[in-house]
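K.L.:
Structure provided below as structure tokens; questions to follow.
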Amino acid sequence: MQSIFKIRKIDKRIFILAGLIFLLFISLLSIRMGSVEYTYSQILRVLFSNEMTTYKNILYNVRLPRIIIAGIVGANLAVAGCLLQSVMQNPLADPGLTGVSSGASLAAIIIMLIFPQYTYLVPMVAFLGGAIACALVYSLAWKNGIKPVRIVLAGVAVNAILGGGTSLLSILYSDRIQGVLMWVNGSISGKTWADVRVLALYSFIGIILGILCIRKANILQLGDEMASNLGVDINKYRLLISLVAVFLAGISTAIVGIIGFVGLIVPHISRLLIGSDYKYLLPLSVILGSNLLLLGDTFARTIARPVELPVGVIMSVIGGPFFLYLLRRRRA
């Protein structure tokens with residue numbers, strides 16, 4: 001029995017190692033591909049050259065920050081989805097259910113359309129908007145405690161209201177909407193090293209907090225009755241885990257805009273590969289989330305070049321059918 005357990009444990013580590021290797025491969029491919037293509041020998045020469053040429057500027061100040069941000073955001077959204085699925089006890093749960101995306105979107109659009117002179121405040125305002133929307137969802141869902149079904153229902157209602165507000169502003173300020181379409185659809189284009197520093201700092205804190213939630217997430221998977229028998233305060237656990245998930249999703253949305261389905265797809269694939277133990281599920285989700293979004297962004301900026309598509313659109317095209325597949329599979 002012990003030998004079987006060891007083999008399974010080694011298999012899980014192999015999946016994590018394979019994910020890291022694939023992430024390295026995708027990163028190298030992403031550096032190489034774009035409106036201007038390089039060979040790997042050219043990349044090495046440009047990066048280690050002391051002269052700031054046009055090619056080095058493209059690689060160092062355009063592609064590298066974009067690759068890093070794609071990897072971090074993918075990891076954040078995957079962890080957020082992973083944690084929320086434990087809170088709601090539902091593998092179809094997604095960070096969007098908590099109102100983070102719709103709240104961040106409405107707050108950002110208010111700034112970009114009505115107060116364009118304060119565009120530099122968009123990341124902070126978007127994060128606050130997502131946090132307020134999430135707080136509204138949980139306050140509406142609270143009734144002698146938090147139940148997963150009530151969170152979902154409250155999330156649907158709040159998302160509909162905030163989405164209506166976003167649509168209304170888009171119509172009223174249709175002459176200005178063109179400038180915000182990329183953000184609304186989720187885009188990593190134009191991000192700089194300053195964005196990398198901000199995102200990396202907050203994401204590091206969020207991922208560490210997510211790791212500290214592993215035991216709590218495993219306990220919630222046992223079900224309310226079993227967890228209560230263990231003397232666990234279920235409502236407290238749900239609230240703490242949700243706050244971490246909202247923090248990760250909120251900071252990501254604030255920087256790159258709305259990117260859906262990563263938090264849905266990645267945890268489900270990870271669960272199929274290595275099971276539901278968050279000790280392995282969370283690290284693999286971090287890696288696969290980075291892989292998925294980096295792959296999606298590379299595809300988005302090369303499929304119609306020189307035109308760059310928002311990565312959020314690509315993820316919706318992939319995620320929509322996948323969600324329908326999961327829904328049908330659960331009903332079977």
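The values are calculated or read from the model by the stated rules, or taken from the named source; none is laboratory data. Model, not experiment: these values are computed from the prediction. Cβ coordinates were reconstructed from backbone atoms using ideal geometry, including for glycine residues, and neighbour counts include every protein chain displayed.
K.L.:
For segment 168-194, what are the residues that are touching a helix residue (DSSP H, G or I) at 6+ places or on another chain (Cβ under 8 Å), assigned to a helix (DSSP H, G or I) and buried (at least 16 other Cβ atoms within 10 Å of the Cβ)?
P.N.:
Passing the criteria: 169, 170, 177, 180, 183, 184.
K.L.:
May I pose another question? Is there any pair linking a residue in segment 111-135 that is over 23 Å from residue 95 (Cβ atoms) to one that is at pLDDT 85 or above and part of a helix (DSSP H, G or I), with Cβ under 7 Å and at least six apart or on different chains, and which?
P.N.:
Every condition considered, the pairs that remain are 113/169; 118/111; 119/111.
K.L.:
Is it the case that some residue within segment 260-270 is in a helix (DSSP H, G or I) and surrounded by fewer than 23 Cβ atoms within 10 Å (Cβ to Cβ)?
P.N.:
yes
K.L.:
If residue 308 meets every condition in (1) in a helix (DSSP H, G or I); (2) surrounded by fewer than 24 Cβ atoms within 10 Å (Cβ to Cβ) apart from one, which number is that one?
P.N.:
(1)
K.L.:
Further question on the same structure: Out of everything in segment 140-160 that is touching a residue at least 60 places away in the same chain (Cβ under 8 Å) and part of a helix (DSSP H, G or I), what residue ends up being farthest from residue 98 (Cα to Cα)?
P.N.:
148
K.L.:
Further question on the same structure: Could you tell me which numbered condition residue 51 fails, if it satisfies all but one of (1) over 24 Å from residue 184 (Cα atoms); (2) surrounded by fewer than 17 Cβ atoms within 10 Å (Cβ to Cβ); (3) touching a residue at least 12 places away in the same chain (Cβ under 8 Å)?
P.N.:
(3)
K.L.:
Tell me, yes or no, whether segment 103-117 has at least one residue that is part of a loop (DSSP other than H, G, I, E, B), at pLDDT 80 or above and surrounded by fewer than 24 Cβ atoms within 10 Å (Cβ to Cβ).
P.N.:
Checking segment 103-117: at least one residue is part of a loop (DSSP other than H, G, I, E, B), at pLDDT 80 or above and surrounded by fewer than 24 Cβ atoms within 10 Å (Cβ to Cβ).
K.L.:
Residues that are assigned to a loop (DSSP other than H, G, I, E, B) and surrounded by 21 or more Cβ atoms within 10 Å (Cβ to Cβ): does segment 204-218 have at least one?
P.N.:
The answer is yes, given that some residue of segment 204-218 is assigned to a loop (DSSP other than H, G, I, E, B) and surrounded by 21 or more Cβ atoms within 10 Å (Cβ to Cβ).
K.L.:
Here's a follow-up. Tell me which of these residue 165 doesn't satisfy, since it passes every other one: (1) surrounded by fewer than 19 Cβ atoms within 10 Å (Cβ to Cβ); (2) part of a helix (DSSP H, G or I); (3) over 19 Å from the mean Cα position of the chain (by Cα); (4) free of Cβ contacts under 8 Å to residues at least 40 places away in the same chain.
P.N.:
Of the numbered conditions (1) surrounded by fewer than 19 Cβ atoms within 10 Å (Cβ to Cβ); (2) part of a helix (DSSP H, G or I); (3) over 19 Å from the mean Cα position of the chain (by Cα); (4) free of Cβ contacts under 8 Å to residues at least 40 places away in the same chain, the odd one out for residue 165 is (4).
K.L.:
Which of the following residues is assigned to a helix (DSSP H, G or I), closer than 25 Å to residue 143 by Cβ and out of contact with any strand residue (DSSP E or B) (no Cβ under 9 Å at 6 or more places or on another chain): 300, 254, 227?
P.N.:
Exactly one of 300, 254, 227 is assigned to a helix (DSSP H, G or I), closer than 25 Å to residue 143 by Cβ and out of contact with any strand residue (DSSP E or B) (no Cβ under 9 Å at 6 or more places or on another chain), namely 227.
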